[in-house]
Amino acid sequence: MILNIALRDLRSLFLSPLAWIVLAIIIFISAWKFLNLIDVFFSLQPKLINIENTLGVTDIVVANLFYESALKIIWIIPLLSMKSLSEERRSGSLQLLMSSPVSMTEIILGKYLALLIFILIMVLTISLMPLSLLMGTQIDIGKTISGLLGLSLLLFSTAAIGIYFSSLTRTPAIAAISTYGVISMLWLIGISTSTDSNSLFSYLSLLNHSINMYRGIISSTDVMYYLLLIVTFITLSIHHMDAQRLQK
């Protein structure tokens, strides 16, 4: 049932112009940034060639591409997640789902899975750009996979936050604004604690945990942070929707 709900939501998403516009914008911006980073690498290459253990194309192009992509996509996720539950509540179709013999866990996980599939489409599209470098040079596959993991976990966490706020209201705009508020707060926490990496607020930063992964360093602490964030907001969404079902 989870897969059926996910496919239904994914079909609905791709039938709307929003999904195609988002994909087009992300591909265009990422491609422009990718080509710009290649130019930067070629301009730096004469200076780096004589330096021992210097930065390579993976560090300069691939890692920065993933980082820049994260900074842009993270602000698009709320636009995709805002309709997950709030729009269905407003149209009345959510009442049909809630009255059917389907658990709220299946409904929430199905809608979350639809978002994850769309995010993976974006991430895989972006990953084709650094992989194209294999036709002319060598890249560090391990660092590339690590960067993809960091980018994916960051976006998956943002989607979980968006699902939760979509479950709280029948107005998609309010759900998006609320999600933007939480993302902004976690963003500002990271900026304000950039000089103190050991503080509690630095640990709460949404972006800081992905930076090491772009560099090829996968830490269990960083992975657990994102998994905990995802589980927390998905669980909150399920509990809130279960409470609403009991009130009917």
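The values are calculated or read from the model by the stated rules, or taken from the named source; none is laboratory data. Bear in mind the structure is a predicted one, so any value in this text is a computation, not a measurement. Cβ: placed from backbone, ideal geometry, glycine included. Neighbour counts: every protein chain shown.
Descriptive notes on the structure:
- Tabulated pairs, region 69-84, first within 20 Å of ILE5 (Cα to Cα), second buried (at least 22 other Cβ atoms within 10 Å of the Cβ) and among the charged types (D, E, K, R), C-beta under 8 angstrom, 6+ apart or interchain: SER84/LYS111
- The criterion of at least 1 residues that are in contact with a helix residue (DSSP H, G or I) (Cβ under 8 Å, 6 or more places away or on another chain) and modelled with pLDDT under 80 is met, among helices (runs of 4 or more DSSP H) falling completely within region 25-133, by 86-91, 93-99.
- Whichever residue in region 7-17 is more than 17 Å from the chain's Cα centre (by Cα) and part of a helix (DSSP H, G or I) and, among such residues, is farthest from ILE126 (Cα to Cα): ARG8
- Under the condition of being farther than 22 Å from LEU79 by Cα and touching a residue at least 40 places away in the same chain (Cβ under 8 Å), the residues counted in region 113-135 number 3.
- Boolean, ASP242 is of a type in the set (Asp, Glu) and modelled with pLDDT of 85 or more: no
- Set LEU151, LEU133, LEU109, LEU115: member being under 27 Å from TYR67 (Cα atoms) and either surrounded by fewer than 23 Cβ atoms within 10 Å (Cβ to Cβ) or among the charged types (D, E, K, R) (or both): LEU133
- Residues of region 158-175 that are crowded, with 20+ Cβ neighbours inside 10 Å and either closer than 15 Å to ALA114 by Cα or modelled with pLDDT under 90 (or both): THR158, ALA159, ALA160, ILE161, GLY162, ILE163, TYR164, SER166, SER167, PRO172, ALA175.
- Residue pairs whose Cβ atoms lie under 9 Å apart, sitting 6 or more positions apart in sequence or on different chains, and linking a residue in region 4-20 that is closer than 16 Å to ILE108 by Cβ and surrounded by 13 or more Cβ atoms within 10 Å (Cβ to Cβ) to a partner that is of a type in the set (Lys, Arg) and modelled with pLDDT of 85 or more, are ILE5/LYS111; ALA6/LYS111; ASP9/LYS111.
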